[in-house]
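Read through the structure below, which is laid out as structure tokens, and then see the notes.
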Amino acid sequence: VQPRRDAREAARYGRARVMMRPIHRWVWSDPHRRARKLLAFAETEADGGRDLARASELTRDALLRRLYLRHAQDEMRHAEIFRARGRALLASLAKDETSFELNWIAPGERGLDDLRVDAETDESLLAFLHLSERSAAGRFTAYRAALEAEADPDTREVFDTILRDEAFHMNYTYAQLRRVSPRRHGWRLWLARASRFWKAYLRLSSAIAGVLGGIVLVVQYFVLLPPFALLAKRAAKKERDGWSVPQKTRALGSQY
Ligand SMILES: [Fe+2]
Ligand SMILES: [Fe+2]
């Protein structure tokens, strides 16, 4: 059943990628933004490498330990490759004028950013890793294609190199999931997919809440505050100048 489902999903991702192609081209066309995105990807890859090194310490499965360690080394190498290319690109450009990276349109390998390795079992971790490596491979393929129109063969080469490793990560995690959980690997993948969907929903909701919060604060500032400011101004006009004792106040000899 898995290959048929993978083919269906690949077709769906393929369609989504075609729709996103002009946007990706636009995102990657600015060399300043490109350099900053590569540097941001380097951070995420290094973070993933640290999580995988921790996973290799925790697992009791000798084969998985070796594979996680190799995976961690790959992610650390990806971090170095992205960092080196990002720095070289920045150094070749004039002053950085880009103010935003558009990470919500073109994120990197972000699947591991909210992973708590200590709380995972071998099965759940492999399912999670398989899905995040697969979506990272899909994204990097799209970015590689978006760079086709740019005169930047070095960055294209970076994605080519990294994509080969991502394909290996995607395949070994699936093969190992089938080995450690031969009967329930489909269920594990379904759970991991639901968890990723839930996290994506939370990310989207918090982004929308942030925008709505900003709008409400602006409306409050311009609609609710002016009447109070006006009232305060009118009250200030009625005040006498200097130190004065209101008529109703009793003698100053009393404490009250
Ligand atoms: Fe990677
Ligand atoms: Fe990877």
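Read-outs throughout are calculated quantities, based only on the coordinates presented, and are distinct from any laboratory measurement. Please read all numbers here as calculations on a predicted model, not as lab measurements. No Cβ is skipped: glycine too gets one built from the backbone with ideal geometry, and neighbour counts run over all protein chains shown.
What the table below lists for this structure:
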{"item": "Protection-proxy order for peptides 144-151, 63-70, each taking the mean of Cβ atoms within 10 Å per residue, highest first", "result": "63-70, 144-151"}
{"item": "Nearest-0.05 FRET efficiency for Arg234 and Ala119, computed from C-beta distance (R0 45 Å)", "result": "0.15"}
{"item": "Environment charge of Leu231, counting only residues whose C-beta is closer than 12 Å and scoring Lys/Arg +1, Asp/Glu -1", "result": "+4"}
{"item": "FRET E, pair Ala46, Trp190, Förster distance 30 Å, beta-carbon r, rounded to 0.05", "result": "0.50"}
{"item": "Shape category assigned to segment 154-250 from the gyration tensor of Cα positions, a/c cut at 1.5", "result": "prolate"}
{"item": "Centre separation in Å (Cα based) which lies between segment 60-80 and segment 147-225", "result": "21 Å"}
{"item": "Rough spin-label spacing in nm, given labels placed 7 Å along Cα→Cβ, for Ile23 and Arg178", "result": "3.4 nm"}
